[in-house]
Amino acid sequence: MPNGLVASLGGDDATVASAMPVLSDFANVVVHCGPLGAGMATKIARNIITYGTWRAVHEAAMVVESAGVDPAKLITVVEDADPGGTTLFSWLRNQLAAEESTRKMVPQVRRLMDKDLAAAQELASRSAISVPLVDAARANGAETLAIPQKE
C-alpha cells in the first residue's frame with residue numbers, strides 16, 4: 001500500500017517500466033522525470049523550493065513581528081488568502097504557457113513586485129532586519145518574471 005511518498009526518477013523508458021511495479025508498491029506517485037539523473041535534479045529543485053520558502057517565511061515573520069504583529073497572524077492571512085496553495089506555482093505556470101497576454105502583463109507585475117519588495121526592504125531596515133531573499137527577489141525581478149517566446 002502506497003505511503004504518500006512521491007518518487008521522482010530518471011532513466012530510460014524500459015528501465016523505468018521494469019521498476020514501476022516495485023515503485024508503485026511503496027510510492028503514492030511515481031514521476032518519470034527524464035533521462036538518468038533527472039529524478040535527482042527534480043528532488044534537488046523541490047528542496048530548493050522547500051528551503052527557499054522556509055527562508056521567505058522566516059524573513060516575513062521577522063518583518064511582521066518587528067511591526068508588532070504576532071507571526072501566527074501571518075499564517076492565518078497567508079492560508080486564508082491562498083487556501084489551495086496555487087500562488088506558489090502561478091507564475092511558473094504562466095511562463096510555461098508563454099501566452100502573449102501574460103507577456104503584456106509583465107511590466108505591471110514588475111512594477112507591483114518592485115513596489116512591494118521595496119516596502120518590505122524599508123520595513124525591515126527600520127528594525128535592522130536582514131532580508132537577503134527579499135533583496136535577491138527585488139534585484140532579479142525582471143529575470144523572475146520573464147516570459148519566454150513560444151517556439
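The values are calculated or read from the model by the stated rules, or taken from the named source; none is laboratory data. As the structure is a prediction and not an experimental result, all values here were calculated from the model. Backbone-built Cβ (ideal geometry, glycine too); neighbour counts: all protein chains shown. All accessible areas refer to the heavy atoms of the entire protein, side chains included, with ligands and DNA or RNA removed. Shrake-Rupley method; radii C 1.70, N 1.55, O 1.52, S 1.80 Å.
Here are some notes:
- When the trypsin sites (Lys or Arg not before Pro) in the stretch 82-151 are filtered for DSSP coil states and for at most 11 other beta-carbon atoms within 10 Å of their beta-carbon, the remaining sites are 150.
- One decimal place: the segment residue 6-residue 82 gains 25.0 nm when fully extended, by the rule 0.36 nm per residue minus the C-alpha distance.
- Between residue 25 and residue 130, full extension at 0.36 nm per residue minus the direct alpha carbon distance yields a gain of 33.2 nm.
- Label-point gap, in nm, between residue 98 and residue 15 - each point 7 angstrom along Cα→Cβ: 2.9
- Against the chain, whose longest principal axis is taken from its Cα atoms, helix 100-126 shows a tilt of about 60°.
- Spin-label model, residue 70/residue 115: points 7 Å from Cα along the beta carbon direction are separated by 3.1 nm.
- Restricting the stretch 1-103 to GluC sites (Glu not before Pro) that sit in a DSSP loop and have at most 13 other Cβ atoms within 10 Å of their own Cβ leaves 99.
- Highest-fluctuation residue, 83, 71, 107 considered, GNM on the chain with Cα pairs under 10 Å: 83
- Each residue, residue 38 and residue 123, gets one label point 7 Å from its Cα in the Cβ direction; the gap between the two is 4.1 nm.
- Among the protein heavy atoms of the chain, carbon and sulfur supply 63% of the accessible surface, probe 1.4 Å, non-protein parts ignored.
- 0 to 90° range, to nearest 10: angle between helix 38-66 axis and the chain longest Cα axis: 20
- Heavy-atom accessible surface of the chain, averaged per residue, reaches 69 Å², computed with a 1.4 Å probe.
- Helix-only arithmetic for the chain: the sum of -39500 (n - 2.57) across DSSP H runs with n ≥ 4, divided by the residue total, places the mean residue ellipticity at 222 nm at -23000 deg cm²/dmol.
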